[in-house]
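Right, one structure below, let's go through it.
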Amino acid sequence: MWGHSRRGYAPLIALSIFWSHLSAQELGSLRGRVLQKESGSPIAEAAVTLKEIGARARTTVTGSFVLAGVPAGAYTLTVVAIGQTRYEARIAVKAGQPTDVNVEMTANPVTLSGVVVTASKTATEVRDVPAAVSVLTAAQIKQSGATNFTEAARAVPGVTMDEFGENFNSIQMRGLPRFGNENEATLILLDGVPQTDARNSAQLLTLPIDNIDHVEVVKGPNSALYGRTAIDGVVSIITQDPTPEQRLSATLQTGQWGLVRASVTASGPVSPGSRAGYLVSVMGDEHESFHDVNPYHKHASSLFGKLTTSLGDATSLAVEANYALNRGGTPAGDPIVNGRFLSSIDPSFSAYTNLNLPSAEYNEEHARTMARVRRELGPSVNVTNIFGYRHDLWNFVMDGDYFSGPNPGADTVTLYPFTRPREEDAWYDDLHLEARAGPEAFQNRMLIGATLDRNTGFVATQFPYTDANSGGVLITYHDPIYPGPADFSYIDKGSRSYRGTLYSGYAQDEIAIKRRLRVSLGLRYDRDDISAVTHAPGQPAGSITGSGHKFSPKAGGSYRLLDSPDPGAPQLSVYVQYSRAFAPAKAPALLTVALNPANPLLPENITNYEAGIKGSVLHTDVGFEISAFDMLRDGISIVVPVGSGLSFQESPAGRQRFKGVETGVTVQPIQLLSLHANYAYYNGRYEHFTVQIDTSLVDLSGLRVQLSPHHILDVGAAYDRGTGLGLALSGYYEGDKTLDFQNTVFLPDYVTVNGRLSYRWRSYSAAVSVANVFNKLYYLDGEISAPLYAFPAAPRRVIAELSATF
């Protein structure tokens, strides 16, 4: 019976094998890569769909995707990615073999559909970010004619720049000033790595401007993701990736004050067809300072290199290194006598006079390296590790940029020079996991991470002097005669080694509900351990230690009031946000006196509430945004001068409150012309604020905060045909601001105009940039602990430029 049945089933078995073989022949697969057309960079997490059968896949970190088991035939392939224009094309899938396709997507020209990463550490459309966000592109930096990042940052709406001389510049947002060092309230990121030093500050001039792809500026506190110094906002600099084809570009600039600046960049794939790419750039700059009396020579150079590659379809790697050098001097500003600038009291004294010692030097070197690895653990899970190391050298030599006088009717100022070498190492490592879960109608995007942030360093200080009574150097400003090396005596203040380490953990959940509503919740914990060992001449070494901790929460939401998929349809989003941030109570590099064990380290608290509207109309030719905020800064300590010379004391003060409204509009009436106008109103006031000077208490409640203007207006236009003539013109107004905490001296309001005329032909371009077109004298910054002096901005500057790309 069994033999009979076996013979009966044999035809069925043979038929089944035949149909299985035939079905295998009729099935195929689709594989490919999704790239950004302009840059050639892979696009991760793009949604790939075959319309007719609903087959779906997401691209990996290398832009790759695979759709297996696809019946042979013709299909409509659609690709959707954040910030890119929707891609759609007809393809044919062949039976029994893979079909390869490469997709190139173009950036969405609609500003609200642009992508930013800084606000949430995840790729998010601008309209869905519950914060005020601006993006500064490489093209805008080029149009500005900027030669360093400080000049480029002026183009960001709502940003002001405080320039303490030529070397120490601070980005200021929402009216929050610096109290001492640069960028104490603004976090500066370079490819995701904080540039914060052991003074809880960051410097700007040596950042690699020639290799910037774009800059993301997120206003408002963001310690919930980034920890210390993310108080008034985050400025994230993203450098260029290697180009998809071999490219060589060179730029030569020349201008006033002996400027000669040259940069050369080479970029491309490591070998034909390789997924690995390289970028190498070198820059050199020589010029004199703009001072008409006692100018000094400046030299800057930079070397930048970047390598990107993929380690399989699920892993990407980027490694970069940067060496930057800045050598020169620091100026002594325009003295203030009885609330007036000396240059206005005595016309024979130029505001651009540098009274500092001719031997004064300021030199700095920075070596930076960064590695970023991202691994796809699955279609909805990835892990990223960012590592950074930085070695910094700063050296002040006989620098007398701090001074006092002259007294009314006198002609003598007192310089207080110092010599201070400082050397630091900074380590940073951030590891975070990102995961998506849930249906599209209610999707969670979760982020969990941990950070190690450490600074170690050494600093020594000497005070040279020639006048024993003042402890400084007496200089007659009418006819300066400077002492020689043999005339100086020295006070040795000893040295100090220090360390500061922050251990942090953070979590964030972004919830998208039916595309329109998005809710973001975040929390971070930071533990701060600091220590220092002091060595004073003739005294035993002293040891200082301390620790503190802080929780930083954040909650926000955005809602798309208008959300049509049709190109050119009006868009309108609203958002609200609550966030808290902190500034460490002590900076490791500034630890000089023992901490009181009975008083633990208490960081500053910053509490922020804000709301805003973002939209575009008239086929996206008009974009606009409005935001309003109320921010309270509590637990502030400031440093005030005591007596004469370089004597200061720390004073626990109180609270500041900052309120304001920021508005902006962009208009593109025709494709070649773009217009913009941005206005901000800020009201920064002391609130329950008392400082102690010697034994006296000074109540500042209700007074304006130093360096915080009420009004900022920025307008501009750019005409760009791609080839031929191009023109950019911008005007900037900043209202007056007080220089000192008692509001006795004000820096007056000013208007400045910049312009640039360019011409492009094939691979060549030429341009002329003019800064401060009308050659106005205005002041940007000064000594804020006491109204002693202020620094004028540079007079009119003309720069000619030639560049070529091959």
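The values are calculated or read from the model by the stated rules, or taken from the named source; none is laboratory data. As the structure is a prediction and not an experimental result, all values here were calculated from the model. Cβ placement follows ideal geometry from the backbone for every residue including glycine, while neighbour counts extend to all protein chains displayed. The protein model used for the area step is the full one, side chains on, heavy atoms only, and it has no ligands, DNA or RNA in it. Shrake-Rupley method; radii C 1.70, N 1.55, O 1.52, S 1.80 Å.
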*Sticking with the crude label model, points 7 Å out along Cα→Cβ, report the distance from Leu757 to Asp634 in nm, one decimal please.*
5.7 nm
*Find the centroid of the Cα atoms in the range 716-769 and in the range 479-542, then give the distance between the two in whole Å.*
34 Å
*asked:* Below 8 Å, C-alpha to C-alpha, sequence gap of six or more: please give me the relative contact order for the chain in percent.
replied: 9 percent
*asked:* Using just the Cα positions, wrap the chain in a convex hull and report its mean projected area in square nanometres, one decimal place.
replied: 41.2 nm²
*State in Å² the accessible area per residue of the chain; use a 1.4 Å probe, count heavy atoms of protein chains only, and round to the nearest integer.*
43 Å²
*Packing-wise, with mean Cβ within 10 Å as the measure, how do 545-556, 403-414, 571-582 rank, highest first?*
571-582, 545-556, 403-414
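Over 14 Å apart: what share of the alpha carbon pairs of the range 735-775 falls there, rounded to a whole percent?
Working: 535 of 820 pairs.
Above the 14 Å cut-off, the range 735-775 has 65 percent of its Cα pairs.
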_Difference of contour (0.36 nm per residue) and Cα-Cα distance, His535 to Ser547_ = 2.2 nm
*Round to the nearest 10 and give me the degree value, 0 to 90, for the angle of helix 2-26's Cα axis relative to the longest principal axis of the chain.*
40 degrees
*Just grab the label-to-label distance for Tyr764 and Asn743, each label 7 Å out from Cα along the Cβ direction, in nm (one decimal).*
5.9 nm
_Taking N as its residue count, the alpha carbon Rg of the range 66-162 over 2.2 N^0.38 Å_ = 1.61
*Restricting to the chain, compute how many DSSP beta bridges are antiparallel as a %, nearest 5.*
95 percent
*Two decimals is fine: what is log10 I(q)/I(0) at q = 0.13, 0.17 Å⁻¹ for the range 265-357, from a Debye sum with one equal scatterer on every Cα and no solvent?*
-0.65, -0.81
*asked:* Given a 1.4 angstrom probe, I'd like the percentage of the accessible area of the chain that is carbon and sulfur, rounded to a whole number.
replied: 60 percent
_Helix-only [θ]222 nm of the chain, DSSP H runs n ≥ 4, -39500 (n - 2.57) each, per residue, nearest 500_ = -1500 deg cm²/dmol
*Can you work out the FRET efficiency for the pair Asp213 and Ser489, with r the C-beta to C-beta distance and R0 = 56 Å, to the nearest 0.05?*
0.60
